[in-house]
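Peer 1: Please read through the structure below; I'll follow up with questions.
The values are calculated or read from the model by the stated rules, or taken from the named source; none is laboratory data. Computed from a prediction, not measured in an experiment: that's the story for all the values here. Cβ: placed from backbone, ideal geometry, glycine included. Neighbour counts: every protein chain shown.
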Amino acid sequence: MKELREAKGFTHKDFAARINDTLKKRIEDTLREQGKDMRSAWRLRDEVLERVRVRPETVERWEKVGFGVQRGTHAAHKFYSSPAFEALGEVLDTSPDDMDKEMSNRTLQPGDSVVRPIAEGRPALREDARGEAEFLVVPDGFGGTFLKEMQDVTDADYKAIKTYLEEEAAFLEAETEKQIDNFVREQTINMDQEIESLLEEDEPDA
């Protein structure tokens, strides 16, 4: 993404501004389609834009560490179908395949464990000689995660992780089935068109 941005001569600030301009136009188009009187809808437009706008520091973070969502998860599906991501692609005139590096970053998922420094003065059951301890990634119930020291992990945390993983698996299965259905539908349409074309070729000339 950095190479694509620089090829167009955009700074992080320029790029964010163009994404936000694209978002603003889309919001205005949607409001007009809904029959809103634009003379009184500017406030609503600005409120929506404030919730979805992209900031220069966000663009810089995307280039350094990726988009921060794990492929094949609900979070990834939500982000890659978001207005901001679609506007990003429109401004760069590119496809998701051109941003493979940013989309391939591995993120911590519920159930993962990591070793991190512990807070000064806080005892840890599994602290090592370097003052580090093991932490578990736990879902926070609001679509995010947090690290919890292993000694503090409860049965409820493990249950929350199990529920999260089951919901993610169900979501991925549903998305896979949807993609298969769409593929089969497209193939059926193509086949019907080919048959119609062959029938037309075999019809005797009038």
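Peer 1: Sort out which residues of the range 25-45 are farther than 19 Å from Ala87 by Cα and hydroxyl-bearing (Ser, Thr, Tyr), and write them in order of number.
Peer 2: Residue satisfying the conditions is Ser40 alone.
Yes or no, residue by residue, for (1) at pLDDT 75 or above; (2) more than 16 Å from the chain's Cα centre (by Cα); (3) of a type outside the set (Gly, Ala, Ser); (4) in the same structural domain as Thr11 (by TED's automatic domain parsing):
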{"site": "Trp62", "(1), (2), (3), (4)": "yes, no, yes, yes"}
{"site": "Arg71", "(1), (2), (3), (4)": "no, no, yes, yes"}
{"site": "Asp97", "(1), (2), (3), (4)": "no, no, yes, yes"}
{"site": "Ala124", "(1), (2), (3), (4)": "no, yes, no, no"}
{"site": "Leu136", "(1), (2), (3), (4)": "yes, yes, yes, no"}
{"site": "Thr145", "(1), (2), (3), (4)": "yes, no, yes, no"}
{"site": "Val153", "(1), (2), (3), (4)": "yes, yes, yes, no"}
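Peer 1: Looking only at residues in the range 59-97 that are part of a helix (DSSP H, G or I) and among the basic types (Lys, Arg), which one is surrounded by the most Cβ atoms within 10 Å (Cβ to Cβ)?
Peer 2: Filtering the range 59-97 for residues that are part of a helix (DSSP H, G or I) and among the basic types (Lys, Arg), the one surrounded by the most Cβ atoms within 10 Å (Cβ to Cβ) comes out as Arg61.
Peer 1: Another question about this same structure. Which members of the range 35-58 meet the condition of being part of a loop (DSSP other than H, G, I, E, B), aliphatic (A, V, I, L, M) and closer than 24 Å to Met1 by Cα?
Peer 2: Passing the criteria: only Val54.
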